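Report on one structure; see the data block that follows.
The values are calculated or read from the model by the stated rules, or taken from the named source; none is laboratory data. Note that the structure is a prediction, hence the values are computed from the model and not measured. Counting neighbours? That spans all protein chains shown, and the Cβs are built from the backbone with ideal geometry, glycine included. We work out accessible area using only protein heavy atoms, side chains counted, and drop any ligands, DNA or RNA first. Shrake-Rupley method; radii C 1.70, N 1.55, O 1.52, S 1.80 Å.
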Amino acid sequence: MKAIIEEGTPEMAKKMQDLALAEGALPRHLHTSLFTASSDNRLLTHRQLSRHLVGRWVTGNPTANALLHRVVPLGLMQYLKSNEKVPEEADRMHVRDN
């Protein structure tokens, strides 16, 4: 997904964003990214992946942004638009265990 969006044509990236909305992947991953609370590395990796995908699907997509404005409270949306630095989280997706 990341390679298609970053390296593909803008039309292909738009199609992938639209498919994420049409298939219900965006709300499912939004829920996972916001409400996963665990100390299990597997679940934390899944949460990090979900956060990454939600960011990819929402960036530059007015339909996804409109969906977020309908389901997320206004106070949280204002917080998400903040310029404050996000606390660093361990990168769990790009770890190689050879």
Next item on the list: Please list 22-32, 43-53 highest first by mean number of surrounding beta-carbon atoms within 10 Å per residue.
Entry: 43-53, 22-32
Next item on the list: For the chain, calculate the relative contact order in percent as a whole number, restricting contacts to Cα pairs under 8 Å that are 6 or more residues apart.
Entry: 25 percent
Next item on the list: Assign one of three labels to segment 4-79, namely rounded, prolate or oblate, based on the Cα gyration tensor with a ≥ b ≥ c the square roots of its eigenvalues; rounded applies when a/c is under 1.5, prolate when it is not and a/b is larger than b/c, and oblate otherwise.
Entry: oblate
Next item on the list: Take the Cβ-Cβ distance between LYS85 and THR59 as r, set R0 to 22 Å, and report the resulting FRET efficiency rounded to the nearest 0.05.
Entry: 0.70
Item checked: Proximal aspartates and glutamates relative to LYS14, as straight alpha-carbon distance under 17 Å, when same-chain residues fewer than 8 apart are discounted -> GLU6, GLU23
Checklist line | Per residue accessible area in Å² of the chain, where ligands, DNA and RNA are left out and the probe is 1.4 Å | finding: 74 Å²
Check: How large is ³J(HN,Hα) for each residue in segment 20-35, as worked out from phi by the Karplus curve 6.51 cos²θ - 1.76 cosθ + 1.60 (θ = phi - 60°), to whole Hz, x for Gly and Pro?
Finding: 4, 6, 5, 8, x, 6, 4, x, 5, 6, 4, 4, 4, 5, 8, 10
Checklist line | 222 nm mean residue ellipticity, helices alone, for the chain (DSSP H n ≥ 4; -39,500 (n - 2.57); rounded to 500) | finding: -20000 deg cm²/dmol
Check: Using the beta-carbon distance between LEU43 and LYS14 and R0 = 30 Å, what value does 1/(1 + (r/R0)^6) give for FRET efficiency, to the nearest 0.05?
Finding: 0.45
